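As structure tokens, the structure follows; a few thoughts come after it.
The values are calculated or read from the model by the stated rules, or taken from the named source; none is laboratory data. What you are looking at is a predicted structure, and each value in this text was computed from that prediction instead of being measured. Every residue, glycine as well, gets a Cβ built from its backbone with ideal geometry; the counts of neighbours run over all protein chains shown. The area values use the complete protein model at the heavy-atom level, side chains included, leaving out ligands, DNA and RNA. Shrake-Rupley method; radii C 1.70, N 1.55, O 1.52, S 1.80 Å.
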Amino acid sequence: MIAIPKSVEEILHRLRTAGHQGYCVGGCVRDRLLGREPKDYDVTTSAKPEEVMALFAPHAIPTGLQHGTVTVVSEGERVEVTTFRRDGAYTDHRHPDAVTFTASLTEDLSRRDFTINAMAMDSDGQVTDPFGGTADLRRGMLRCVGDPAARFQEDALRIMRALRFAAELSLTVEDGTAAALRGQKELLKEIAVERILVELNKLLCAPSASEVLLAYPEVIGVVLPEILPAVGFDQHNRHHCYDVYEHSIRAMAAVPPEPVLRWTMLLHDLGKPETFSLDEAGVGHFYGHGRRSAELAHTICRRLRMDRRSSETIEELVRLHDTEIPLTERGVRRMLRRVGEEQLRRLIAVKRGDNLAQHPDYRGRQETLSQLETLLNMVLSADACFSLKQLTVKGGDLTAIGITGPDIGRTLARLLDEVVEERLPNDRGALLAYAEEIRDEERRDRR
């Protein structure tokens, strides 16, 4: 059994010494039973909030007194300590309107979302488990505490949390819980998009993300309606043995579990249903689907209020995912000039994932992508010039020969193009001479 951290042990000891009950509760208990190191620990106690404040002063912070929560700083760690409570009505489908405190641990555990999160553990490692969470963990089952429809109506974010826990812990959602989350799915529209994004990021990067996304597209479709036309959409193409949605999910599972890459693969083909055409031979085509998919990705990322850098990175990868990169040094330099090293490596990963989710007879591109990666490493090791910062000529050099204002940027871009295309060496003298030619040419044009 994983040892309780000293910071938490001290809180439990002080509560017990003062005559109160105190337990580790929720996710930390679940993780310990699974043999995982918890990310953090929460404590539940019979002590009232004012008693907790007094007991741990001056190291107690009143972070949520109306809900019975006090943050205690112990051994340099911040631990949330919450009084046993009963929740009132949830009129906003997210937070209880009011809470009342209780002396019953079981009553406190009964208000929690899932049985695997409704367990408490004392400092000796003894588990209080009135709803069968331990057995559900052994069975690999995710089940609501009590009536699942009521649990989801209270807090609709629990619908996303159910899918996320199932994906993270490779759990099967119990039939009644699964029916309730499908039946209550529209309540997700009541939840702030920022909270939805947090859950989606965790879900997409979880070990069993593909299984969950394939099982519950109608639920995910409430917050990502753009995916629904892709579900079941036959591609009518020998390169594909899956519909657009399943292809996207399998491609997502084939890239590293990083949010930007997982989002890219989920969204990369969403434009296919709109751009579909069938030729005379009955073969499906999707001309321009990369551009349309990028437009949809832009809409989704903005709606979810994703950070700008991630949003722009995803949008660019989606737009370029089917762009051919010539297997030549010049082709690699051109793409480096266009997107930079980090993004090009991501793009190769995207292409790998896309190909791995195609028909098995057409997955031979993996070798070509390996060659592309080798070529990229060769170009980089040779210190090839592909960015402005690598040019031997800078803006100040151009100012010195009479190039000013916006002309500086335009001239530097032209110089870089010449170097990337190997029409000029990255030599200061040669570049300055060409810059003078550009300057003189533009002066003549302006006369």
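How do Asp407, Asp427 rank by accessible surface area computed with a 1.4 Å probe, from largest to smallest?
I get Asp427, Asp407, largest accessible area first.
Rounded to a whole number, what is D in µm²/s for the range 301-375 from Stokes-Einstein with the Kirkwood radius over alpha-carbon pairs (4 °C, 1.567 mPa s)?
My calculation gives 97 µm²/s for D.
Could you check which residue among Glu316, Glu186, Glu246 shows the biggest mean-square fluctuation in a GNM of the chain with a 10 Å Cα cutoff?
Of Glu316, Glu186, Glu246, the most mobile in the Gaussian network model is Glu186.
Please give the solvent-accessible surface of Val212 in Å², to the nearest 10, using a probe radius of 1.4 Å with every protein chain present.
Probe radius 1.4 Å; accessible area of Val212 about 10 Å².
Hey, what's the Cα Rg ratio for the range 367-447 versus the globular rule of thumb, 2.2 N^0.38 Å?
Working: Rg = 15.4 Å, N = 81, 2.2 N^0.38 = 11.7 Å.
Scaled against compact globular proteins, the figure is 1.32.
Rounding to the nearest 20 debye, state how big the charge dipole of the range 275-342 is about its Cα centre with +1 on each Lys and Arg Cβ and -1 on each Asp and Glu Cβ.
Here the size comes out at about 420 debye.
Only Cα pairs within less than 10 Å get springs; with that Gaussian network setup on the chain, which residue of His247, His67, His268 has the largest fluctuation?
Ranking His247, His67, His268 by mean-square fluctuation puts His67 first.
Quick one: if you stick a label point 7 Å off each Cα along the C-beta vector at Ser170 and Arg345, how many nm between them?
Modelled inter-label distance: 2.8 nm.
Can you compute the charge dipole magnitude of the range 1-93 about its Cα centre, using +1 on each Lys and Arg Cβ and -1 on each Asp and Glu Cβ, nothing else charged? Give it in debye, rounded to the nearest 20.
220 debye
In square angstrom, rounded to the nearest 10, how much accessible surface does Val283 have for a 1.4 Å probe?
Rounded to the nearest 10, that gives 40 Å².
List every residue whose amide H lies under 5 Å from the amide H of Thr63, counting only residues 5 or more places away in sequence or on a different chain, with H placed 1.01 Å from N in the peptide plane.
Thr71
Taking the range 32-135, which trypsin sites (Lys or Arg not before Pro) meet the DSSP loop condition and have no more than 13 other C-beta atoms within 10 Å?
Of the trypsin sites (Lys or Arg not before Pro), the ones in loops of the range 32-135 whose Cβ has at most 13 other Cβ atoms within 10 Å are Arg36, Lys39.
Among Thr17, Thr106, Thr115, which one moves the most in a GNM of the chain with springs linking Cα atoms closer than 10 Å?
Comparing Thr17, Thr106, Thr115 in a Gaussian network model of the chain, the most mobile one is Thr17.
Taking the alpha-carbon distance from Lys272 and a cut-off under 25 Å, which lysines remain once sequence neighbours fewer than 8 residues away in the same chain are dropped?
The reachable lysines, counting only those whose Cα sits under 25 Å from Lys272, are Lys351.
Which residue, Leu412, Ser248, Val99, has the largest displacement toward the positive end of the dipole of the chain when charges sit on each Cβ (Lys, Arg +1; Asp, Glu -1)?
Looking along the dipole axis, the top candidate is Leu412.
What dipole magnitude, in Debye to the nearest 20, does the chain give about its Cα centre under +1 on Lys/Arg Cβ and -1 on Asp/Glu Cβ?
On the way: 60 positive and 70 negative charges, 93 e Å.
It comes to approximately 440 debye.
Ignoring any ligand, DNA or RNA, what whole percent of the accessible area of the chain comes from carbon and sulfur when the probe is 1.4 angstrom?
Carbon and sulfur together cover 49 percent of it.
Using only Cα atoms, locate the centre of the range 138-167 and the centre of the range 372-419, then give the distance between them in Å, rounded to an integer.
The distance from the Cα centre of the range 138-167 to that of the range 372-419 comes to 55 Å.
For the chain, what are Rg and Dmax over the alpha carbons, in angstrom?
Final numbers for Rg and Dmax: 28.7, 92 Å.
Give the cross-link partners of Lys185 among the lysines, using a straight C-alpha distance below 20 Å as the criterion and excluding same-chain residues fewer than 8 apart.
Straight-line reach from Lys185, under 20 Å: Lys202.
May I ask you to give the average projected area over all directions of the convex hull of the Cα atoms of the range 1-103, in nm² rounded to one decimal?
The directionally averaged projection comes out at 7.0 nm².
Calculate, for Gln153 and Ala400, the FRET efficiency according to 1/(1 + (r/R0)^6) with r their C-beta to C-beta distance and R0 60 Å; round to the nearest 0.05.
Calculated transfer efficiency: 0.25.
Based on a Kirkwood Rh over C-alpha pairs, give the Stokes-Einstein translational diffusion coefficient of the range 24-68 at 37 °C and viscosity 0.692 mPa s in µm²/s.
Rounded to a whole number, D works out at 274 µm²/s.
With all protein chains present and a 1.4 Å probe, how do Asp175, Asp269, Asp42 order by accessible area, largest first?
Accessible-area ranking of Asp175, Asp269, Asp42, largest first: Asp175, Asp42, Asp269.
Solvent-accessible area of Tyr23, probe 1.4 Å, all protein chains present, reported in Å² to the nearest ten, please.
Near enough 40 Å² of accessible area.
In square angstrom, what is the accessible area per residue of the chain with a 1.4 angstrom probe?
For the chain, the solvent-accessible area averages 46 Å² per residue.
How many nm is it between the label spots at Thr275 and Asp417, if each spot is 7 Å from the Cα in line with the beta carbon?
It is 2.5 nm.
Semi-axes of the equivalent ellipsoid of the range 216-308: what are they in whole Å, largest first, if each equals the square root of 5 times a C-alpha gyration tensor eigenvalue?
23, 14, 13
Among Thr374, Leu214, Gly146, whose Cα sits farthest toward the positive end of the charge dipole of the chain (+1 at Cβ of Lys/Arg, -1 at Cβ of Asp/Glu, about the Cα centre)?
Among Thr374, Leu214, Gly146, the one farthest towards the positive end of the dipole of the chain is Thr374.
Would you be so kind as to identify which of Leu347, Leu431, Ser387 lies farthest towards the positive end of the dipole of the range 299-447, taking Lys and Arg as +1 and Asp and Glu as -1 on Cβ and the Cα centre as origin?
Highest projection toward the positive end goes to Leu347.
Tell me which GluC sites (Glu not before Pro) from the range 253-295 have a DSSP coil assignment and no more than 11 other beta carbons within 10 Å of their own.
Taking the range 253-295 and a limit of 11 other Cβ atoms within 10 Å, the loop GluC sites (Glu not before Pro) found are Glu280.
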